[in-house]
Amino acid sequence: MQSFDRYDIGVVYSDMDRFGRENVTSDMPVDVSLAEMTKRNVIHCASLVRREALDLSLAFSIPADPKTEHEDWLLWLAVLRQGWKAKKQPAVYRYRRHEEGRSLAKAWAGNTYFERRGLRHETITLFIALSGRTAVWPRFRQFLDQQTWPHHQVRLVLMDTSQDARFGRRVRRWIAECDYRDVRYFTEAVAEPGLADQDRRAEGVGDKVRLAAARIYNRLAREATGEFVWVIEDDVIPPNNAAELLLRGFDEHTATVAGPYRSRFHDG
């Protein structure tokens, strides 16, 4: 209890010594950040936590599946996301490994990182720079309506770079009728209108495109929230389940996952 020496300490954890069927000592890191915890679980389930931190984080409202997901991992993530800090204490937690525990570990061993990490609960930021391609917008709008990642778990950010008032009205009408709960729409001139459809192999065009892309991604960096950002080109129609397919490509060592698509500027 002495380790709760600051008000922002929400969790106090320790090293863990497993004995019995297994004899292993887990040397937990001294500093555990939210960024670290999003990749791997380094706080064991017998750690101490403030009740206030649990109440504010709504950690117990997460519908975790105990057969596939590490419930304690989801709990600690919920607490840390509310701004609470984790602190290591010097005592060692001793845990006897018994046969039932090994059976559970074997069951978890067959699950993917996506399942163990509980990635199905994640809210992702979906960022799209709209260049004003009116011919493509109906199909792209249909994809946004039909894509299967839960819409209440998507923060949709639409950056309209078209400088086309009529196109902007079409997008805003769709926003007013869509079922996404968290939508941000804004306009910004990053280059001359129509640049996105010019031949990037032509003299001078490539440099303009790179500069526009830098402006777009700098804005993305300011708009992104959460651990996962999904970026889609506005002339690419992904599969409806693309978000889950991409998230299933992550593990604790992977920072980014991409889905290849054909480019009209390259052969093959």
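Looking only at segment 150-158, decide whether some residue is over 24 Å from Leu246 (Cβ atoms), of a type outside the set (Val, Ile, Thr) and loosely packed, with under 15 Cβ neighbours inside 10 Å.
no
Right, Glu203: more than 29 Å from Glu244 (Cβ to Cβ), of a type in the set (Asp, Glu) and either in contact (Cβ under 8 Å) with a residue 12 or more places away in the chain or loosely packed, with under 14 Cβ neighbours inside 10 Å (or both) or not?
Criteria met by Glu203.
Against the definition (of a type in the set (A, V, I, L, M), free of Cβ contacts under 8 Å to residues at least 12 places away in the same chain and under 27 Å from Lys208 (Cβ atoms)), how does Ala165 come out, yes or no?
So Ala165 passes the test.
Looking only at residues in segment 210-244 that are small (Gly, Ala, Ser) and in contact (Cβ under 8 Å) with a residue 60 or more places away in the chain, which one is surrounded by the fewest Cβ atoms within 10 Å (Cβ to Cβ)?
If we take residues in segment 210-244 being small (Gly, Ala, Ser) and in contact (Cβ under 8 Å) with a residue 60 or more places away in the chain, then Gly226 is surrounded by the fewest Cβ atoms within 10 Å (Cβ to Cβ).
If the Cβ limit is 6 Å and pairs must be 6+ apart or interchain, which residue in segment 181-195 that is in the same structural domain as Val157 (by TED's automatic domain parsing) pairs with which residue that is surrounded by fewer than 13 Cβ atoms within 10 Å (Cβ to Cβ)?
Between residues of segment 181-195 that are in the same structural domain as Val157 (by TED's automatic domain parsing) and residues that are surrounded by fewer than 13 Cβ atoms within 10 Å (Cβ to Cβ), the close pairs are Arg181/His152.
Can you work out which of the residues in segment 72-92 that are surrounded by fewer than 15 Cβ atoms within 10 Å (Cβ to Cβ) and more than 18 Å from the chain's Cα centre (by Cα) is farthest from Arg6 (Cα to Cα)?
The residue in question is Val92.
Looking at (1) in a loop (DSSP other than H, G, I, E, B); (2) surrounded by 12 or more Cβ atoms within 10 Å (Cβ to Cβ); (3) touching a Gly at 6+ places or on another chain (Cβ under 9 Å), which is the one condition that is false for Ala258?
(2)
For segment 1-37, give me each residue that is closer than 27 Å to Asp55 by Cβ, over 30 Å from the mean Cα position of the chain (by Cα) and of a type in the set (D, E, K, R).
Selection gives Asp5 alone.
The values are calculated or read from the model by the stated rules, or taken from the named source; none is laboratory data. All figures in this text were calculated on a predicted structure; none of them were measured in a lab. Reconstructed Cβ throughout: ideal geometry from the backbone, glycine too, with neighbour counts over all protein chains shown.
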